[in-house]
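K.L.:
Please see the structure below; I have some questions.
The values are calculated or read from the model by the stated rules, or taken from the named source; none is laboratory data. Source: prediction; values computed, not measured. Heads up, the Cβs are rebuilt from the backbone with ideal geometry, glycines too, and the neighbour counts pull from every protein chain shown. SASA here: full protein model, heavy atoms, side chains in, ligands and nucleic acids out. Shrake-Rupley method; radii C 1.70, N 1.55, O 1.52, S 1.80 Å.
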Amino acid sequence: MPLPNFSNAFGLEIRDTEIRVAQIHRHGKKLSLSSYGFSQIPNGAMERGEILKSDQVKLAILNALKSPVGKNFSSQYVVCAIPEQHVFTTVITLPAKKSIEKDDVQAAALQQIPYPLEDIQLDWTLVDKDAKTNYILVGAAPKNIIAAYTQVLRSANLIPVALEPQSSSIARALLTSHDAQTPTMVLHFGQKLLTIFIVNKNVVYFSSSTPIFSGESIISLLSKKLDLNADKARKAAQLFGLQAKEGKGEVRRALLPEISALMEHIEQIKEYSSSHLPAPVHNISTMLVTGEMSSLPGLAEYLQEELRIPIQPGLPGERYQLEIPQKELTSLDLQSSATVLGLALHELA
């Protein structure tokens, strides 16, 4: 019996409002996006990353696979993301010794993880050590969330190869193994949540999700302060952003309280990193910004000036020289597709 070819596994992202799917193939040393698709999820079928109506989510998955841009999807094997708000990641420390016992890891982890042990799936790996201490990265997700995602994938006749945190997928899409050797903070500006995480040597050491400066919060704030409907608020944000001299600076002034809250949140993460994470990730050398709102005019410049850290745009797949033959996939689509492209690279990167 032939072994399954997981290298053909495609990525599937389940959002509250839509499904995104992508498949990447390797041709020699080159990687090429061969298939890409999406479909809308009806209102009420998903809420905050939780599946409420599995039949409607299943149908949305099938619709996304049915009419792809590019070639038809050539595999039943799938890699899917667990939304970051349902994943808890932390680094625990144990005394250095010859072996690390499961019971010791669980006991230390449960002091920080806000779920009962019987309700979670717990994974861990040794990420660093010195003469006295083992640093162990622990990830936990509720069993009911994992079961619901697994069930809906199987109901669509798909075979899950892996379920992983969204931050791991984004990191893979933005950083090759060579790039990820120095501590990097990634800001993923999504439509509903901003996800911030720290990655070093291909390992996500910490992640945090917040509605601060998400697409929805920006549009809501501009609608309220500038008396605009949602469409005009979105256009104003995309045109003027945080630029002081554009649009009389009105958009920038309206967004200053939100960007100030973001800066405070980043500083809290940096303080946590310095006090709780291993020394190699204390000094963040660069920051990547990606996601739907990351191209907001003036945002990268503002962050760089305030944080005094080099800010770079994170374009998914760029560092792999990923070939994207489909003209339909624009730069904006790419910025919002980091998760699904990272999932599609799971068996190839």
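K.L.:
One residue is enough: does the stretch 244-265 have a residue meeting the conditions assigned to a helix (DSSP H, G or I), over 30 Å from Asn72 (Cβ atoms), among the hydrophobic types (A, V, I, L, M, F, W, C) and without any contact (Cβ under 8 Å) to a residue 24 or more places away in the chain?
P.N.:
There is at least one residue in the stretch 244-265 that is assigned to a helix (DSSP H, G or I), over 30 Å from Asn72 (Cβ atoms), among the hydrophobic types (A, V, I, L, M, F, W, C) and without any contact (Cβ under 8 Å) to a residue 24 or more places away in the chain.
K.L.:
Within the stretch 69-97, work out how many residues are open to solvent by less than 50 Å² (accessible area, probe 1.4 Å), modelled with pLDDT of 90 or more and over 19 Å from Gln112 (Cβ atoms).
P.N.:
7
K.L.:
Where residues in the stretch 36-68 are open to solvent by 80 Å² or more (accessible area, probe 1.4 Å) and aliphatic (A, V, I, L, M), which of them is farthest from the chain's Cα centre (by Cα)?
P.N.:
It comes out as Leu59.
K.L.:
Starting from the stretch 325-349, keep only residues that are under 17 Å from Pro165 (Cα atoms), then list their pairs with residues that are modelled with pLDDT of 95 or more and acidic (Asp, Glu) whose Cβ atoms are within a distance under 8 Å, requiring at least 6 positions of separation or different chains.
P.N.:
Thr339/Glu13; Val340/Glu13; Leu343/Glu13
K.L.:
Now for a separate question. Got a sec? Which of Ala344, Ala279 is over 20 Å from Leu187 (Cβ atoms), surrounded by fewer than 19 Cβ atoms within 10 Å (Cβ to Cβ) and not acidic (Asp, Glu)?
P.N.:
Going through Ala344, Ala279 in turn, the sole match is Ala279.
K.L.:
Answer with yes or no whether Leu174 is closer than 30 Å to Ile259 by Cα, open to solvent by 20 Å² or more (accessible area, probe 1.4 Å) and aliphatic (A, V, I, L, M).
P.N.:
No; evaluated as a whole, the condition is false for this residue.
K.L.:
Any residue at all in the stretch 112-124 that is under 21 Å from the mean Cα position of the chain (by Cα), open to solvent by less than 20 Å² (accessible area, probe 1.4 Å) and among the acidic types (Asp, Glu)?
P.N.:
no
K.L.:
Quick one: would you say Gln23 is open to solvent by 40 Å² or more (accessible area, probe 1.4 Å) and either within 30 Å of Ala131 (Cα to Cα) or in contact with a Gly (Cβ under 8 Å, 6 or more places away or on another chain) (or both)?
P.N.:
So Gln23 fails the test.
K.L.:
Can you spot a residue in the stretch 146-159 that is in a helix (DSSP H, G or I), aromatic (Phe, Trp, Tyr) and touching a residue at least 60 places away in the same chain (Cβ under 8 Å)?
P.N.:
yes
K.L.:
May I pose another question? Evaluate the stretch 126-133: report whether one residue or more is touching a Ser or Thr at 6+ places or on another chain (Cβ under 6 Å) and assigned to a loop (DSSP other than H, G, I, E, B).
P.N.:
no
K.L.:
Look through the stretch 1-54, keep the residues that are charged (D, E, K, R) and assigned to a loop (DSSP other than H, G, I, E, B), and return whichever of them is modelled with the highest pLDDT.
P.N.:
Per the stated criteria, the residue is Lys53.
K.L.:
Separate question: Output the number of the condition that Ser285 fails; it satisfies all remaining conditions of (1) under 21 Å from the mean Cα position of the chain (by Cα); (2) surrounded by 14 or more Cβ atoms within 10 Å (Cβ to Cβ).
P.N.:
(2) is the only condition that Ser285 fails.
K.L.:
Among the listed residues Thr195, Thr150, Thr133, identify the single one that is over 22 Å from the mean Cα position of the chain (by Cα) and of a type in the set (Val, Ile, Thr).
P.N.:
Exactly one of Thr195, Thr150, Thr133 is over 22 Å from the mean Cα position of the chain (by Cα) and of a type in the set (Val, Ile, Thr), namely Thr133.
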